[in-house]
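Reviewing the structure listed below.
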Amino acid sequence: MNVVEIRDVSKRFKEHGKWFYVLNNVSLDVKEGEIFGLLGPNGAGKTTLLNILLGILTPDSGQARIFGKDVIKDRGILERVNFVSGETRFHWLLSVEDVLRFHGRSYGLKGEVIDKRIRELTKFFGIDDILNRKFFNLSTGQRMRLIFAKSLINDPRLVFFDEPTLGLDPSIAIKIRKEIKRINKEQGTTVLLTSHYMHEIEQLSDRIAFIHKGKIIDTGTVEKVKLKKFSTYDVFLNVREIKNRDYLKRNGFRILGKNRLQKELQLGESISGLLSSLANNGIDVTNIETRKPTLEDYFVKIMEEKK
Amino acid sequence: MRWYKVKALMARDLKIYKRSKWKIVDSLYFPVTTVIMWGLFAIYSREFAMEAGLMVLVVNVFWSFSYLSQSITNHSMNEDSYSGSLKQLLISGISEFEYILARIFSSTITSLLIMCVMLTVSFFFGFVTLVQTPGLIIAMIGITLISSIALSVMIAALIIFLGKAYGFLAWTLLQAFILLSAPFFPLKILPQVVQVIALGMPYTRVFMGVRGLVETGIVSNSLLLEGLLVSVIYVLISYPLYKMAFGRARRTGELVRMM
């Protein structure tokens, strides 16, 4: 089942008297229970797409649906959704508890249910000892944990994460990534994630879409998308002694040093065949390293192509 | 219509209000000190023209009330925009109607409480008609309130339409409506064209009524009905404008820029 359906969505804005497309006939689906990564350079249209899905921006054409409903016409559907952004802010005078209580109430929670939910979430995110601290007095890490707690207050079936780790120190970023994975695995929450950090998208996403200048360039699993641009990966081998140079040359090995070799393999091709072939030719391998193309390599390649 | 959303937003507004000293000062200190100043003038002016001083005092009370009941709604919207919390409110699925309704309720409760304080203070400065004709006072408060609600919705529409930079309309635009509603003087002293405009203003009949009340203690029912009719017309115009402004802001991206 598709939780998010975007069909031929276009959006354009006028700047200095000229119209330009922020989204141009974008179509994509996010399936129930998956983590879907949306990546692209600055100004590619990622946040615009999220704003459309959140019902705060109307597309010029096309349809954006969540759980089969148009968010502009049926705002009630947003009660099953939540949103996290590194830029989220709450009223500066509200305390941690006020923020959670207000948002809980606005999703229809009340009485004991909301008290219990606040207790659980603040304990889980380690902010139960600062319940009365006002938003403007929170550190960046505490703010982020509050934003996360708030995003789960309504037990959402779909959460949008817009650059959730932007500008955070690595220890908090790691915790946040773990939490995204946890809510997806344990609660079956569908996640739509945008990030500039390629390793984050690669680490978390089941499927991705690459968006550039308002158009979807590629979509699929991370491996499948990379395969479209890269068909090989590198293997680096440390050997006891370099022997049988003819064999090495014939089989496409590059000699990098006194006892180091490099070979390019097809993605999907196994290393075991390579190792047994080397052993049969009297070459003892002491260490193996592989370097597969990363999403970052893919990103750079796409950007170079689009220049 | 989901009341829990309206109630949640009202409870939040109340919490912010309680936590913000400047808000209390802004909404209580200025109206009350204004009433005291004009009250003292009313006492002083008794020596040569009693009604004039008292008239200015009571008109000021209604002016302050109209400003409060309009501006509290618009200030809280501005605050949502400037604090960056507007996005969090809107993505919770609250409708435009629920959002403005919560603001109107909060503003009505606050401004009515302050109006009670202002009327009590003005009573001690000679506005005794207050206890002699409570029905008339309540009717005029009602008309003022409906007019201010309508104007707050219109001003909200304007700010959404023009953008965040026009947030200042929340505390400036009402002044023009007050001026054209002829607060301290009869319509006949205005040029003919302005008189026609003044008849279409929401507070004109209220101020006429206030002056009549101080002068003679009588306000005609037809004047009150006219006032009510004009204020209801403003309400009927204001909501479609607000709805249209929201729709346009969603299309142009102005709503996103307000967040």
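The values are calculated or read from the model by the stated rules, or taken from the named source; none is laboratory data. The model shown is predicted, which means the values in this text are computed figures rather than measured ones. Using ideal geometry, Cβ is built from the backbone for each residue, glycine included, and neighbour counts are taken over all protein chains shown.
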Of the residues that sit in region A:11-38 and are surrounded by fewer than 16 Cβ atoms within 10 Å (Cβ to Cβ) and among the polar types (S, T, N, Q), which one is nearest to the other protein chains (Cβ to nearest Cβ)? A:Asn25
Considering only region A:50-63, I want to know if a residue exists there that is touching a strand residue (DSSP E or B) at 6+ places or on another chain (Cβ under 6 Å), surrounded by fewer than 20 Cβ atoms within 10 Å (Cβ to Cβ) and among the acidic types (Asp, Glu). yes
Somewhere in region B:182-199, is a residue more than 14 Å from chain A (Cβ to nearest Cβ), touching a Ser or Thr at 6+ places or on another chain (Cβ under 8 Å) and part of a loop (DSSP other than H, G, I, E, B)? yes
Picked from region A:231-277 (must be exposed (fewer than 11 other Cβ atoms within 10 Å of the Cβ) and of a type in the set (Gly, Ala, Ser)), the residue modelled with the lowest pLDDT is A:Gly268
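Kindly establish whether B:Val232 is outside any loop (DSSP other than H, G, I, E, B), more than 14 Å from chain A (Cβ to nearest Cβ) and either among the polar types (S, T, N, Q) or surrounded by 19 or more Cβ atoms within 10 Å (Cβ to Cβ) (or both).
For B:Val232, the condition - outside any loop (DSSP other than H, G, I, E, B), more than 14 Å from chain A (Cβ to nearest Cβ) and either among the polar types (S, T, N, Q) or surrounded by 19 or more Cβ atoms within 10 Å (Cβ to Cβ) (or both) - is not met.
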Of all residues in region A:67-123 being part of a loop (DSSP other than H, G, I, E, B) and among the basic types (Lys, Arg), which is farthest from the other protein chains (Cβ to nearest Cβ)? A:Lys73
Checking B:Met1 against (1) within 14 Å of chain A (Cβ to nearest Cβ); (2) buried (at least 20 other Cβ atoms within 10 Å of the Cβ), the condition it does not meet: (2)
Candidate set from region A:129-145 (those that are part of a helix (DSSP H, G or I) and either within 14 Å of chain B (Cβ to nearest Cβ) or at pLDDT 90 or above (or both)); member that is nearest to B:Met1 (Cα to Cα): A:Phe135
Search region B:88-101 for residues that are more than 7 Å from every other protein chain (Cβ to nearest Cβ) and pair each with any residue that is assigned to a helix (DSSP H, G or I) and among the hydroxyl-bearing types (Ser, Thr, Tyr) when their beta-carbon atoms are under 7 Å apart and the residues are at least 6 apart or on different chains. B:Leu89/B:Tyr99; B:Glu96/B:Tyr242; B:Ile100/B:Tyr242
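Just give me the residues in region B:21-40 being within 11 Å of chain A (Cβ to nearest Cβ) and buried (at least 16 other Cβ atoms within 10 Å of the Cβ), in sequence order.
B:Lys23
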Within region B:202-223, track down each residue that is surrounded by fewer than 21 Cβ atoms within 10 Å (Cβ to Cβ) and assigned to a loop (DSSP other than H, G, I, E, B). B:Thr216, B:Gly217, B:Ile218, B:Ser220
Name the one entry in B:Leu86, B:Leu14, B:Leu68 that is of a type in the set (A, V, I, L, M, F, W, C), more than 30 Å from B:Gly217 (Cβ to Cβ) and crowded, with 17+ Cβ neighbours inside 10 Å. B:Leu86
